[in-house]
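Below is one structure; the comments refer to it alone.
The values are calculated or read from the model by the stated rules, or taken from the named source; none is laboratory data. Keep in mind that this is a model prediction, so the values were computed, not measured. Positions of Cβ are backbone-derived with ideal geometry, glycine not excepted, and every protein chain shown enters the neighbour counts. Note: accessible area is taken over every heavy atom of the protein model, side chains too, but ligands, DNA and RNA are not part of it. Shrake-Rupley method; radii C 1.70, N 1.55, O 1.52, S 1.80 Å.
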Amino acid sequence: MDFTLDSHQEAVLEAVGTLLSRHSGPARLHDLGGDEPGYDHDLDKRLAEAGFLDVAEPLSTCRLDAALVLEALSGSLASSAAGWRLLVLPTLDVDVEGPVAVVTESHSGPARFAADADALVVIGDDRVRLVRPDRPIPRVRSRLGWPVGEVTGLSEGGALDGAPAAAVRSWARVAVATEMVGAMQFALDITVRHVSDRRQFDRAIGSFQAVQHGLAECSVAVDGARWLALEAAFTGSASTAAAALTQASEASKLIFRRTHQYHGAMGFTREYDLHLATLRLLALRSEAESFGRPAAACAHEHWGI
Amino acid sequence: MEFDWTEEDLSYRSELQDFLAEELPGRWEGATAVLGSADNAEYSRRFAGLLAEKGWLTPHWPTEWGGTAATPWMLAVLGEELWSRGEPRGPQYMNVNWIGPSIMAHGTPEQCQRYLPPIAAGDVIWCQGFSEPEAGTDLASLRTRAVLDGDDYVVNGSKIWTSYGDIADHCYLLVRTDAQAERHRGISVLLMAMDSPGLVVRPIPGMVGEHSFTELFLTDVRVPVANRLGPENEGWSVVREALSFERVGAPRWARAAYVLDETVRGALEQGRSIDPVAVEAVGVAKTACEAARMLCYRVIDERARDLPPSPHANVARVAMVQAERLVADACAALEGNEIMRYGSDSDLQMRKSLAAGVAAGTYEVQLNLVSRRHLRLPKN
Ligand SMILES: Cc1cc2nc3c(=O)[nH]c(=O)nc-3n(C[C@H](O)[C@H](O)[C@H](O)COP(=O)(O)OP(=O)(O)OC[C@H]3O[C@@H](n4cnc5c(N)ncnc54)[C@H](O)[C@@H]3O)c2cc1C
């Protein structure tokens, strides 16, 4: 057990951090369209050139490093499907150049990155398919901070021999949980800053106990999600993956309501950054649900119920 | 960063599990029902003695006092295994985890000689005399007075909510020795024999299992000055340090996870159907136990590195209370109207989850500490 970064992880995160500070972040997301952004191909290119999209390959023990990179990406509000590449593709023996989207076989409707994806990873009950769309997937107007496409009538074929559907689904859970953690920490951090600066009744609103307790609970919830997601990435355990996603989903409800609440009207403005992270959480939570109710998956993994 | 157990920790755990499987076969009586009761405390004398023989009662103590200088991770494994079996050490849990270490840190050689060997042997029961009718969360407002008279302190006042007061041999007692000083400055720790003349112990029936509290009435109780732990009027820092030995305190998440597991298995064995609402509650509760586990591990990792106590301990404690509560909800959802049956899992867990947020530092106090020390939110 070691809860601190080793020197390799530190070096990777420092380099990723430098890249993200230049080419990602809320300002970049505003440029891309804010809560209605385009896909950041430029960022993907830079990440790939620097080798950050391959940290998980080929050894599964490196998935923890991949999760750490993904957390940083998500914390910088990257408009990128790198999460799928970092944590899901290594389980599949496939070669895809550009962005991928991940959906389940029964999916019909909006899906993150579908309109920008070179390929869709389609998770079924006991098989996984790689579908390369033969015609462009239409965009969906969405204002939840992600580029979204409309997935209907998935074409047949593309079954990947021997691809373990359960493992792929489990890694998808780890990826979504990790992305939620990055976004939640972003929202929590700017809220802590806001309530420390904003004064009413001659005192910082962050000195009111109601606000303090509300944020303290948020912080406990996010910390729990973070460590479970990292543990799941390290061990590859399906039950920890389900727990990580459950914790992240539950935490995201608290974060969504409370960070907005403690911002007052300020949180409503599009110029301010809070909504960029909080709205994303709604999309991520719906995606989490599409892989099966997280809490039910957790109960299933532990007791077979 | 990595989350593997060492070979050493793994084999320690499996050795412990084998031992517990033998000593606490099946569903041990005391596991869920009576932590804190007189029966449980008596049981602990036998059980802690067995642990002591194995070197597992005080493994983290220095060898000088019968320990084996075990690592914080091994101590965590021990705590987890015992708590997930209902804590058969009973009240002796606090002896070994903070009362003993506090005596080691501040005791005179005579005090160490007198008090430590019985703790290490597992046949002594201590109680903790902190709370008073007017001093709960605001502990530093305590008023039980100790006045020097020759070689003794003469103690007057009362303590309340004292667990095990009716069966304990000694009390780790907080008293006020300087009524004039600033309130944190005038407090001292006394190690008081529970058979001292002038001490009256009155049981207070409790609603958590068979747990009974007591009230201590002290009228001119004479405690030798030689029984004062640490310098006079420095008791506040002595006790704060003592409680920080534990950092996260008891691994309550392990017990909660055990209760949840037992309840789910019970339902499955009886062929009861588990509806989707209960499945959801069970998944959420299991998750809360898992999150609390990782947040505790983060603290143990800090201790293993010899880092000073950090607010991560408060984060972990909040998470453990939440886990206890969510497990109570899940048991209730699983068992339905079984909760009406006294002693059912859902009945017991409901009671325990109530205590979790109050005993040993309330939930709100932990949140205060998380917001000030972890989030660094401003003070008024
Ligand atoms: C099962 C059990 C066993 C116990 N065993 C012992 C024992 O062996 N020895 C012993 O000395 N004591 C024992 N106690 C007592 C325990 O330490 C106290 O209950 C605890 O310190 C809280 O004090 P109180 O009950 O007076 O509550 P109060 O201090 O009156 O608090 C009541 C409520 O007000 C809230 N509150 C108080 N101050 C603040 C604040 N500053 N900010 C926000 N909220 C606040 C609290 O969080 C709580 O919710 C035990 C209690 C229980 C439940």
When region A:222-253 is checked residue by residue, the ones that are closer than 26 Å to residue A:30 by Cα and without any contact (Cβ under 8 Å) to a residue 40 or more places away in the chain are A:253
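Residue by residue, here is whether (1) more than 9 Å from chain A (Cβ to nearest Cβ); (2) open to solvent by 30 Å² or more (accessible area, probe 1.4 Å); (3) more than 25 Å from residue B:365 (Cβ to Cβ); (4) in contact with a strand residue (DSSP E or B) (Cβ under 7 Å, 6 or more places away or on another chain) holds:
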{"position": "B:252", "(1), (2), (3), (4)": "yes, yes, no, no"}
{"position": "B:266", "(1), (2), (3), (4)": "yes, no, yes, no"}
{"position": "B:269", "(1), (2), (3), (4)": "yes, yes, yes, no"}
{"position": "B:280", "(1), (2), (3), (4)": "no, yes, yes, no"}
{"position": "B:296", "(1), (2), (3), (4)": "yes, no, no, no"}
The residue from B:328, B:316 that alone is part of a helix (DSSP H, G or I), over 15 Å from the mean Cα position of the chain (by Cα) and either crowded, with 24+ Cβ neighbours inside 10 Å or at pLDDT 95 or above (or both) is B:328
What about residue A:183, is it of a type in the set (A, V, I, L, M), more than 8 Å from chain B (Cβ to nearest Cβ), part of a helix (DSSP H, G or I) and over 16 Å from the mean Cα position of the chain (by Cα)? no
Of the listed residues (B:87, B:29), the one being open to solvent by less than 10 Å² (accessible area, probe 1.4 Å) and modelled with pLDDT under 90 is B:87
Scanning region A:153-177 residue by residue, the ones that are open to solvent by less than 20 Å² (accessible area, probe 1.4 Å) and farther than 22 Å from residue A:65 by Cβ total 2
Within region B:339-354, of all residues that are assigned to a helix (DSSP H, G or I) and surrounded by fewer than 18 Cβ atoms within 10 Å (Cβ to Cβ), the one nearest to the other protein chains (Cβ to nearest Cβ) is B:354
From the option list B:294, B:340, B:320, B:350, single residue qualifying as within 16 Å of the ligand (Cβ to nearest atom) and more than 24 Å from residue B:128 (Cα to Cα) is B:350
Scanning region A:252-305 residue by residue, the ones that are surrounded by fewer than 21 Cβ atoms within 10 Å (Cβ to Cβ), under 14 Å from the mean Cα position of the chain (by Cα) and within 13 Å of another protein chain (Cβ to nearest Cβ) total 1
Checked pairs for region B:112-138, first touching a residue at least 40 places away in the same chain (Cβ under 8 Å) and at positive phi, second in a helix (DSSP H, G or I) and within 16 Å of the ligand (Cβ to nearest atom), C-beta under 8 Å and 6 or more apart or across chains, list as B:122/B:44; B:122/B:92
Scanning region B:136-168 residue by residue, those under 17 Å from residue B:196 (Cα atoms) and charged (D, E, K, R) turn out to be B:145, B:149, B:151, B:152, B:159, B:166
Going through region B:193-246 in order, the residues found to be of a type in the set (Phe, Trp, Tyr) and within 16 Å of the ligand (Cβ to nearest atom) are B:213, B:217, B:236
Of the candidates B:221, B:189, B:225, the one satisfying the condition of being hydrophobic (A, V, I, L, M, F, W, C), touching a Ser or Thr at 6+ places or on another chain (Cβ under 7 Å), modelled with pLDDT of 95 or more and outside the structural domain of residue B:72 (by TED's automatic domain parsing) is B:221
Requested in this report: Could you check, for region A:55-70, whether at least one of its residues is buried (at least 24 other Cβ atoms within 10 Å of the Cβ) and among the basic types (Lys, Arg)?
Outcome: yes
Exactly one of B:164, B:115 is within 16 Å of the ligand (Cβ to nearest atom), of a type in the set (Phe, Trp, Tyr) and closer than 27 Å to residue B:59 by Cα, and that one is B:164
Log entry, pairs with first residue in region B:338-361 being free of Cβ contacts under 8 Å to residues at least 24 places away in the same chain and assigned by TED's automatic domain parsing to the domain that holds residue B:326, second being surrounded by 17 or more Cβ atoms within 10 Å (Cβ to Cβ) and β-branched (Val, Ile, Thr), beta carbons closer than 6 Å, six or more apart or on different chains, reads B:347/B:339
If we ask which residues in region A:202-220 are more than 16 Å from the ligand (Cβ to nearest atom), in contact (Cβ under 8 Å) with a residue 24 or more places away in the chain and open to solvent by 10 Å² or more (accessible area, probe 1.4 Å), their number turns out to be 1
Being acidic (Asp, Glu) and exposed (fewer than 15 other Cβ atoms within 10 Å of the Cβ) narrows B:234, B:182, B:215 down to just B:182
Of the listed residues (A:118, A:189, A:134, A:125), the one being surrounded by fewer than 23 Cβ atoms within 10 Å (Cβ to Cβ), within 14 Å of chain B (Cβ to nearest Cβ) and of a type in the set (Asp, Glu) is A:189
Screening B:248, B:239, B:223 for residues that are over 30 Å from residue B:150 (Cα atoms) and crowded, with 20+ Cβ neighbours inside 10 Å leaves only B:248
Selection from region B:183-220 of residues touching a Gly at 6+ places or on another chain (Cβ under 8 Å) and closer than 17 Å to residue B:147 by Cβ yields B:187, B:188, B:189, B:192, B:218, B:219, B:220
Going through (1) under 27 Å from residue A:245 (Cβ atoms); (2) in contact with a Ser or Thr (Cβ under 7 Å, 6 or more places away or on another chain); (3) within 11 Å of chain A (Cβ to nearest Cβ) one by one, residue B:292 fails only at (2)
Within region B:254-264, residues being at the interface with another protein chain (Cβ under 9 Å from one of its Cβ atoms) and open to solvent by 30 Å² or more (accessible area, probe 1.4 Å) number 1
